[in-house]
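A quick write-up on the structure given underneath.
Values in this text are rule-based calculations from the coordinates and carry no lab data. Note that the coordinates shown come from a computational prediction; the quantities given were computed from them, not determined experimentally. When we count neighbours, we look across all protein chains shown, and the Cβ atoms used for this are built from the backbone with ideal geometry, even at glycine.
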Amino acid sequence: MEGGEPSEEEATTTEPQRPGAGRRRVALFARGDLVGESYEVLDTIGEGGMGQVVEAFDRALNRRVAIKAAWPGNEAALRKEAQTLAALRHPSMVVVHHLARHESIEYVVMERVYGVSLAQHMLRRARANKTFSVPEVLDILTGIAEGLAVVHRAGIAHRDVKPSNVMLAPGNRVVLMDFGLSLSEADRGSGAGPTGTPGYMAPEAILDDARSGGRYLVDIYAFGVLAFEVLTLHTPFPGRTRVDVWSAHLSAEPPDPRAQRADTPPKLSELVQSLMAKAPEDRPDSIETVLVDLRELRGSSSEPSRAQSLSVLIVDDDPDLAALMRAHVRKTVPSAVITTANDAEAAIRHVHGHPPDLLLLDLRMPKMSGVELAMYLRGTHLADATTIVAVSGLAHEDDLALLRQLGITTFIPKGDGLEARLASVLRDAERRRSSLGR
Amino acid sequence: MVDDDVELELEELRRTYRVSLPAKVDALATAVDARDRETASALAHRLRGTSGAYGLSAVSIEAGAIEDALAEREIDWGAIAARLESLEEEASRVPARPTRR
């Protein structure tokens with residue numbers, strides 16, 4: 001569920017030091033554990049300041065879930081997060097199923113959200129030196145703003161908006177994660193000092209001066225920092241130490257994204273700078289206002305053009321198999337534009353520029369498996385219009401179930417029937433492309 | 001014309017794969033001898049899928065049995081070595097050129 005980015009800075013708080021903080025922690029739940037008589041732990045998804053997140057199988061309801069368990073001393077924060085999420089109903093929110101205790105460990109059972117964190121997505125783009133297109137930026141920002149609007153309408157400030165707390169899930173779903181620092185606007189505050197992640201903290205948050213009723217403006221500021229990063233893949237207020245970063249937030253003028261990225265629409269550039277205004281009252285007065293601007297900007301951005309021929313991307317680490325599939329594709333659809341990629345990284349680089357009509361995906365590859373690649377592509381919406389077909393010598397039922405959740409329902413075993421099955425899939429893809437007038 | 005080209009390409013691919021098969025089986029044997037589970041499993045998986053796709057079902061079945069055995073919690077290297085012999089035998093029976101169907 002929660003995809004903690006290893007390189008991402010942790011949220012900071014001067015709240016009473018969490019027991020165990022800074023020390024290596026012992027895992028709360030491990031693979032094979034049976035939690036609460038129903039949840040069989042499958043794997044660890046991540047660990048953070050508050051606790052550990054594992055994937056589990058719910059034997060009673062026959063589904064996968066995520067379980068977040070609190071490190072000792074963080075039980076109250078976990079309860080608060082669960083209660084906050086339980087009060088909100090929206091696709092941008094994770095559904096909370098259950099809050100309970102197993103032996104001495106407090107845990108919350110939540111919906112398992114598949115996808116990729118925005119932080120991971122940005123990191124990959126930065127490594128490939130490829131910025132998001134403006135329509136992509138607007139889609140991502142609109143999804144996050146819609147989620148924040150739900151939170152703010154409920155009278156809650158998230159207080160830790162940052163790329164690693166945003167999950168991009170299949171079906172154009174953008175999910176806000178980690179409500180561990182959230183606070184009701186009606187709350188007087190914990191008196192715990194500055195709270196948040198240094199790179200995203202508004203001046204009033206750094207000074208611990210955010211007033212009750214105006215804490216949502218801290219989220220708007222963080223959203224501005226995030227928007228600048230999504231647009232340019234650079235942080236607006238860099239610094240080597242926390243103090244450097246805070247100092248920049250307090251005194252440096254918000255940079256103009258156009259200085260780093262010339263194709264930024266002027267209105268978007270103005271909006272991003274206004275979100276990062278030093279004084280809360282100089283920022284847009286609500287996330288709803290920001291949403292209106294983003295939607296207007298999105299309406300004026302153009303759709304990418306479509307290719308004339310069926311495009312097929314073959315992703316397989318075995319060159320013998322890739323060559324065979326390439327020939328089979330050529331035999332069935334002679335006009336097809338075929339590309340091969342021998343690993344997931346190469347596939348992602350190709351999909352960035354040219355999402356194919358059909359992607360033939362090997363499931364077992366070194367470094368990043370086919371299932372992980374599919375999750376990444378669906379989560380980032382890089383290939384929403386692409387038909388993905390799994391091709392493998394062996395597929396475990398778990399993997400196939402996961403792929404089905406990602407809308408990937410066709411699996412072709414590598415074997416005698418490969419050519420015929422491939423031909424059928426190709427003819428379907430060609431028909432679909434023709435009917436869409438691509 | 002395209003059909004002819006593709007058929008020729010497919011024939012050449014099948015021939016090349018068959019010629020390279022002994023080297024692929026050798027690589028798997030080396031990994032098994034070295035008790036390198038990860039490499040052996042990856043090579044067996046690759047052989048299982050690709051040989052099957054090239055129409056070499058018997059080779060695919062033997063490679064699949066090795067991949068499955070390598071996935072067991074407790075690996076029986078003796079049983080795997082025996083399976084490897086069967087795989088080598090099946091691979092040696094594959095003619096360099098595919099028989100015309």
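Couplings 3J(HN,Hα) for the stretch A:208-218, derived from phi with the Karplus relation 6.51 cos²θ - 1.76 cosθ + 1.60 (θ = phi - 60°), are 6, 10, 5, 8, 4, x, x, 6, 4, 5, 5 Hz, where x marks Gly and Pro. Hydrodynamic estimate: the Kirkwood radius of the stretch A:116-300 over Cα pairs, inserted into Stokes-Einstein at 25 °C and 0.890 mPa s, corresponds to D of 150 µm²/s.
For A:A154 and B:R73, a Förster radius of 45 Å and the Cβ-Cβ distance give a FRET efficiency of 0.40, rounded to the nearest 0.05. Computed from backbone phi with θ = phi - 60° and the Karplus coefficients 6.51, -1.76 and 1.60, the 3J(HN,Hα) list for the stretch A:32-41 is x, 5, 10, 9, x, 6, 9, 9, 8, 6 Hz; x is used for glycine and proline. Shielding by partners for peptide B:57-64, expressed as the average number of C-beta atoms from other protein chains within 10 Å of each residue's C-beta, is 1.
Of interest is the spacing of the C-alpha centroids, which for the stretch A:141-164 and the stretch A:79-100 amounts to 14 Å. Remark: the A:K130-A:A30 segment gains 32.2 nm on full extension, using 0.36 nm per residue and subtracting the alpha carbon distance.
To the nearest 10 degrees, how steeply does helix A:370-380 sit against the main Cα axis of chain A, on a 0 to 90 scale? It works out to around 50 degrees. Here r is the Cβ-Cβ distance between B:S57 and A:E281 and R0 is 60 Å; the resulting FRET efficiency, rounded to 0.05, is 0.25.
Against the longest alpha carbon principal axis of chain A, how many degrees, from 0 to 90 and to the nearest 10, is the axis of helix A:344-353 turned? On a 0 to 90 degree scale, this one is about 90. Pair-distance distribution P(r) for chain B, from all Cα-Cα distances in 5 Å bins starting at 0: 2, 14, 25, 22, 14, 10, 6, 4, 2, 1, 0 percent. Most tightly packed first, judged by the mean number of other beta-carbon atoms within 10 Å of their residues, the peptides A:112-125, A:244-257 read A:112-125, A:244-257. Between the beta carbons of B:T39 and A:A60, assuming R0 = 30 Å, the FRET efficiency works out to 0.15 to the nearest 0.05. The modelled label-to-label distance for the pair A:N172/A:D256, using points 7 Å beyond Cα in the direction of Cβ, is 3.3 nm. Across the stretch A:39-61, the residues whose backbone nitrogen lies under 17 Å from the label position 7 Å along the beta-carbon direction of A:D398 are A:39-46, A:53-60. In this structure the amide hydrogen of A:T195, modeled in the peptide plane, comes within under 5 Å of no amide hydrogen from residues 5 or more places off or on another chain. Residues whose amide H comes within less than 5 Å of that of A:V337, counting only those at least five positions distant or on another chain, are A:L310, A:S311, A:V312 (H built at 1.01 Å from N in the peptide plane). When each of A:K130, A:K414 is scored by the number of other beta-carbon atoms lying within 10 Å, the sequence from fewest to most is A:K130, A:K414.
Per residue of B:21-28, other chain Cβ atoms within 10 Å of the residue Cβ number 0 on average. Listed values for the stretch B:72-83 are Karplus-derived 3J(HN,Hα) couplings in whole Hz (6.51 cos²θ - 1.76 cosθ + 1.60, θ = phi - 60°), namely 5, 4, 9, 7, 9, 5, x, 5, 5, 4, 5, 4, and x replaces Gly and Pro. Averaged over the residues of peptide A:319-329, the number of Cβ atoms from other protein chains lying within 10 Å of each residue's Cβ is 5. If you wrap the protein assembly as shown in the convex hull of its Cα atoms and look at it from every side, the mean projected area works out to 27.7 nm². Against the main long axis of the alpha-carbon atoms of chain A, helix A:319-332 sits at an angle near 70°.
Inter-part distance, the stretch A:196-253 to the stretch B:33-94, computed on C-alpha centroids, equals 56 Å. Using amide H atoms built in the peptide plane, which far-off residues or other-chain residues are under 5 Å from A:L359 H to H? Here the answer is A:L313, A:T387, A:I388, A:V389, since their amide H atoms fall under 5 Å of that of A:L359. Across the options A:A128, A:A154, A:M93, the greatest Cα extent toward the positive end of the charge dipole of the stretch A:79-191 (unit charges at beta carbon of Lys, Arg, Asp, Glu) belongs to A:A128. Anisotropy class assigned to the stretch A:313-432 is rounded, per the alpha carbon gyration tensor with a/c under the 1.5 cut-off. Go ahead and collect, in residue order, the members of the stretch B:46-60 whose backbone nitrogen is under 13 Å from a label point 7 Å along the Cα-Cβ direction of A:D416. Once the point is set 7 Å along Cα→Cβ of A:D416, B:52-60 turn out to lie under 13 Å by backbone N, inside the stretch B:46-60.
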